[in-house]
Amino acid sequence: MLHGVLDPQPGILAFAIFDDNKLLGKYSLAMHPRDASHLPVFVAEKCAELNLELTGITRWSFGSGPGSFTFLRVVAALGAGWAAANDNIRFRCVPGAIAAAGALKLAENEKAGILYDGRNKEMLCFTIKKVNGVLIPAGEELILTAPAALEYFQKNPMRLAAFPADEAVLKKYLADKVPLEIITPDLSAIAAAPGEFDNDADKMCYIRPAVTTV
């Protein structure tokens, strides 16, 4: 059975196609805010390069963040549209942080914090843990200023990883006082993640500061 993975990552869309557990192809597309009109075309073109029909991919896993609100919703909406047009297509949302943690090759019961540039001199942290050989959310979703992050990670040590697009700013915030691994996410970890293909496009991971209007 063909299984497609679309993962919105900082600055890019990562796309992979699997036949059961076998990787057929993986690709990336540079993405800019509010510029996603070429996304369906990109996916269809990559399918054609493998002599596949887009409609032949009947299982989809979408990275659900953390990430850009707009970017995450665009990808989820795309999947909902495909499923609405074809009863054979099923999809699900899986935290994209699992792909980042997959690249770390965690040991059993080891925890990782996947860091993101939260803008406004803040960083976001979404934790993943390996339990019974499976990567799952560890339940911590944090918004930290640079000083708070240093204190938190020194008191709560864990593997820390980030995407290449966020490397410069996060290393500046952490000031080389805690180790940070820069990884290439492993989309096979999303494909292998547990969870039903429930066609629920609302399971997004949003970690955002509170907004107060005056």
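Data for the structure
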item: Sparse-neighbour loop sites [trypsin sites (Lys or Arg not before Pro); region 1-71; at most 12 other C-beta within 10 Å; DSSP]; result: ARG34
item: Dipole axis of the chain (+1 Lys, Arg; -1 Asp, Glu on Cβ), positive-most option in LEU170, ALA146, GLY118; result: ALA146
item: Magnitude of the charge dipole, the chain, Cβ model with Lys/Arg +1 and Asp/Glu -1, debye to 20; result: 460 debye
item: Cross-link partners of LYS177 among lysines (Cα-Cα below 24 Å; sequence separation of 8 or more within a chain); result: LYS105, LYS111, LYS121, LYS129, LYS155
item: Angle in degrees between helix 39-49 and the longest Cα principal axis of the chain, rounded to the nearest 10; result: 60 degrees
item: Heavy-atom accessible surface of the chain: percent carbon and sulfur, 1.4 Å; result: 52 percent
item: Lys, Arg +1 and Asp, Glu -1 on Cβ, resulting dipole of region 86-171 about Cα centre, debye, nearest 20; result: 160 debye
item: Helical mean residue ellipticity (222 nm; -39500 (n - 2.57) per DSSP H run of 4+; nearest 500) of the chain; result: -8000 deg cm²/dmol
item: Probe 1.4 Å, accessible area per residue of the chain, Å²; result: 50 Å²
item: Top positive-direction residue, dipole computed over region 1-157 with Cβ charges, set PRO137, PHE91, MET31; result: PRO137
item: On Cα atoms only, tilt of 69-85 relative to the major axis of the chain in degrees; result: 20 degrees
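The values are calculated or read from the model by the stated rules, or taken from the named source; none is laboratory data. Because the structure is predicted, anything quoted here is derived from the model rather than measured. In this analysis, Cβ positions are derived from the backbone assuming ideal geometry, glycine residues included, and neighbour counts consider all displayed protein chains. These accessible areas exclude ligands, DNA and RNA; they are computed on the full protein's heavy atoms, side chains included. Shrake-Rupley method; radii C 1.70, N 1.55, O 1.52, S 1.80 Å.
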